[in-house]
Amino acid sequence: MPEVAKTRMKVAESEMARIMTGAEMVVEALKDQGVDVIFGYPGGAVLPIYDVLYDHQHAIRHVLVRHEQGAAHAAEGYARSSGRPGVMLVTSGPGATNSITGLTDALMDSIPVVCITGQVPTHLIGSDAFQECDTVGITRHCTKHNYLVRSIEDLPRILHEAFYVAQHGRPGPVVIDIPKDVQFARGIYSGPQNVEHKTYRPRLEGDPGKIELAVTMMASAKRPIFYTGGGIINSGPEASRLLRELVASTGFPVTSTLMGLGAYPASGENWLGMLGMHGTFEANNAMHDCDLMIAIGARFDDRITGRLDQFAPGSKKIHIDIDPSSINKNVKVDLAVVGDCAHVIAALIARWKARGCKADPGALKKWWSEIEAWRARKSLAYKHSEKVIKPQWAIERLYAATKGRDCYITTEVGQHQMWAAQHFHFDEPNRFMTSGGLGTMGYGLPAAIGVQMAHPKSLVVDIAGEGSILMNIQELSTAAQYRLPVKVFILNNEYLGMVRQWQELLHGGRYSESYSEALPDFVKLAEAFGAHGICCSDPADLDAAIAEMIATPKAVLFDCRIDKTENCLPMIPSGKAHNEMILPDSDEVSVDAAGKILV
Amino acid sequence: MNAPTAPPSPYSSAIGKSNIETHTLSVLVDNEPGVLARVVGLFSGRGYNIESLTVAEVAHAEHLSRITIVTSGTPEAIEQISHQLERLVPIHAVTDLTLRGNAVERELAMIKVVGTGTDRDEALRLAEAFRARVIDATIESFIFELTGAAAKIDQFVELVRPIGLVEVSRTGIAAMSRGKDPI
């Protein structure tokens, strides 16, 4: 038999074998996409898929969360720490609506998540059936794209296309809403080969002319700065490696957003620390005074820019981003290079070297000496205490105890999140998972579960606040069920600390509803969930308690009682410019009416 | 031939800004369920303005629809609108016809005028002057069909208002750039 005929027969045979139900297609597609873990919660409208999963537990591990929001954040944590898309499976109605916060979080932070939702059978859609909701309508605004699968013929294409869309270009969440009758219907399955969206083709390579111009601008800069963001981490580890090479070749200082921490190592010699509202004095002043800003995979968020009309007033700006809509959105730039960070940085390095470019050594030296003067201001300093645990010190001790270990950090949202960003130092990308854009309290614990599933042997710590942790505390039960030894390090000040801080600074110390009078006993709570509880309030005991936490082979809830009224500083107050920071030992704080209305 | 600058709607983000421009965007999209909701939702969600919107399938085999949107805002906002539209997955191409310059814009309107006696003569005279066609007539009413630039329709509507204007239905603008090149 000729080769061609043989191949044809094989194809025909395999197609015969590939007639299956919609539910089987879902599981088959997940396997074909290399998915080994999914996070979910069953319900009436996804029972056919759960029935198929029952037979494929060896190939796809399902993690039963305790609330669908947890599934979404776990999928995010999995995705951010592994670079692979996170997958979640939930039922119709409340299953879908409970996922909304997580999907929005993934959209804001550009995290690839594929969310499969069950839907009532096609003939009941629109009838207000039990557990029916307009999932594609509701999620249209909080996903990168979404699909309602109307027929079994469309299902295989949509499944693979969803993975393509979630991962390509600026990543994001994609919802596939599958009515129950489509899950039962039989059709021909096709694999992921050559499945890409018919029109969606994000541009990867930067325009060569613009790269040339960028290199020219860089070569003539006197006070340059790299302002890097989560786009570098999303681009993959190669982008981080290239960034380090670019920084080394040019000698320029580098700062990063919250989302970009770890892309350039905190131990690197050109590192200025994080910038923005709680960024360092040196990073913010360098941004303010620079003459060339090279933004890479960052989006000029309001937490970064502060007052827009005084944002880096004397600078030229180059913006490298895969998403054209990020360009000129908040800040007008002089040169925009649309493309993937890794591709563009590689091209910049290549042209920089090929043209024999060198930064002006005299100017750069002067620039660095200015930066050193700002650095000498020690904006992250705090007064240590022997009596009470200072939150900054707690993070420092945690960092010291985990240094050199294979460690991943997640956070909730609030003061503890900023202290973690300031005092825990990240040398590698994909090690810091935090809710940046949406600012979702309750993100950290489920995200840590997702991270731990992706990295079973690593140390995973959720740096939390006592307020945030109670928002998704039920996921401790998930950690127990799957023997996930996640560590929850709660900086407990009994206050919704960031709210309290803003009330102190902006509302004259009127602490409206920011004190939690009835907190649980976290040690007993841990025990109730089958986890280990630790409480520490004496600075002298902290190191031993942290060591105990790390050594415990199961989930730990660590109640670290800290100074109740410590503020997170430095800080750019709302409506102020980068060079108008509140420093730790300054007591002048004035926020005008215009700043007060900002969030 | 730009659309007339309408008084700002209360939902317009443009209020209080001086350099407001009106632009006509042509958007080619996959004609799939929900695509119009995505486009309209983007405008409402991000606080952009829609002055008129028309949509119909223009290539049946490829299931392509063409949406023509007239929007207003600062030049920066209009640039953002184009980029945000391009971000939507089912959108193929966004063309700012106003930026390209020299586009032809047409709108169709049906205008019902009620009256008797000399008012009817006057209505017909105006219709003739504007090349409006009578597509329905009764003893006391006409429906005129008028195609033209939006400004011309506005003008006709204003002229027949005192005669007995009772109803207007307009399609919104369809537009295309002049010359041999497609968008």
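In table form, for the structure just shown:
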| quantity | calculated |
| --- | --- |
| Charge dipole (chain A, unit charges on Cβ, about Cα centre) - positive-most of A:Gly95, A:Thr143, A:Ile320 | A:Ile320 |
| Accessible area per residue in Å² at 1.4 Å probe, computed on chain A | 39 |
| Given chain A, longest segment not containing exposed loop GluC sites (Glu not before Pro) (DSSP; at most 14 other Cβ within 10 Å) | A:1-152 |
| For chain B, alpha-carbon Rg relative to the globular expectation (2.2 N^0.38 Å, N residues) | 1.16 |
| Amide hydrogen neighbours beyond the local backbone of B:Gly172, cut-off 5 Å, H modeled | B:Leu108 |
| Inter-site label distance for A:Lys387 and A:Tyr515 at 7 Å from Cα along Cβ, in nm | 1.9 |
| Pairwise burial A:B, computed as accessible area of each alone minus the pair, summed, 1.4 Å, Å² | 1500 |
| Bridge type composition, chain A - antiparallel percent by DSSP, nearest 5 | 5 |
| Amide proton proximity set for B:Leu64, modelled H, under 5 Å, gap of 5+ | B:Asn31, B:Val58, B:Ala59 |
| In Å², nearest 10: area of B:Leu28 left accessible to a 1.4 Å probe | 40 |
| Theoretical ellipticity at 222 nm over chain A - DSSP helices of four or more residues, -39500 (n - 2.57) apiece, nearest 500 | -11500 deg cm²/dmol |
| Rounded tilt (10° steps) of A:22-32 against the dominant C-alpha axis of chain A | 50 |
| Spatial separation of Cα centroids for the range A:17-88 and the range A:138-204, in angstrom | 15 |
| Relative contact order %, chain A, counting alpha carbon pairs below 8 Å whose residues are six or more apart | 14 |
| Options A:Thr255, A:Val26, A:Thr305, ranked by Cα towards positive dipole end of chain A, top entry (Cβ charges) | A:Thr255 |
| Using θ = phi - 60° and Karplus 6.51 cos²θ - 1.76 cosθ + 1.60, couplings along the range A:233-239 (whole Hz; Gly, Pro as x) | 5, 4, 5, x, x, 4, 5 |
| Partner chain coverage, peptide A:139-150 - average Cβ within 10 angstrom | 3 |
| Carbon + sulfur, % of accessible area of the range A:452-558 - ligands and nucleic acids excluded, 1.4 Å | 52 |
| Chymotrypsin sites (Phe, Trp or Tyr not before Pro) restricted to the range A:104-190 and DSSP loop, no more than 12 other C-beta within 10 Å | A:Phe130 |
| Charge-dipole axis of the range B:104-175 as Lys and Arg at +1 and Asp and Glu at -1 on Cβ define it, positive-most pick from B:Ala150, B:Thr118, B:Ala137 | B:Ala150 |
| Solvent exposure, largest accessible area first (probe 1.4 Å, DNA, RNA and ligands not counted), of B:Ser82, A:Ser249 | A:Ser249, B:Ser82 |
| Per residue accessible area in Å² of chain B, where ligands, DNA and RNA are left out and the probe is 1.4 Å | 52 |
| Whole-Hz couplings from phi, Karplus 6.51/-1.76/1.60, listed for the range A:285-294; x for Gly and Pro | 5, 5, 5, 5, 9, 5, 9, 9, 10, 10 |
| Listed pairs A:Lys383/A:Lys564; A:Lys403/A:Lys457; A:Lys210/A:Lys366; A:Lys387/A:Lys564; A:Lys457/A:Lys487; A:Lys144/A:Lys198 exceeding 18 Å between Cα atoms | A:Lys210/A:Lys366 |
| With all protein chains modelled, accessible area of B:Glu57 [1.4 Å, Å²] | 50 |
| Computed FRET value (nearest 0.05) for A:Ser220 with A:Asp543, which takes r as the C-beta separation and R₀ as 56 Å | 0.65 |
| Unsatisfied cross-links (Cα-Cα over 29 Å) in the set A:Lys222/A:Lys353; A:Lys332/A:Lys596; A:Lys317/A:Lys365; A:Lys31/A:Lys524 | A:Lys31/A:Lys524 |
| Interchain or long-range residues, amide H under 5 Å from A:Asp177's placed H | A:Thr117, A:Tyr147, A:Leu148, A:Val149 |
| Minimum 10 Å² accessible area buried by the other protein chains, the range A:327-372 residues, probe 1.4 Å, relative to alone | A:Ile327, A:Asn328, A:Lys329, A:Lys332 |
| In Å², nearest 10: area of B:Thr171 left accessible to a 1.4 Å probe | 70 |
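The values are calculated or read from the model by the stated rules, or taken from the named source; none is laboratory data. The structure presented is a predicted model; accordingly, all values stated were derived computationally and were not measured. Note that we place each Cβ from the backbone using ideal geometry, even for glycine, and neighbour counts take in every protein chain shown. Note: accessible area is taken over every heavy atom of the protein model, side chains too, but ligands, DNA and RNA are not part of it. Shrake-Rupley method; radii C 1.70, N 1.55, O 1.52, S 1.80 Å.
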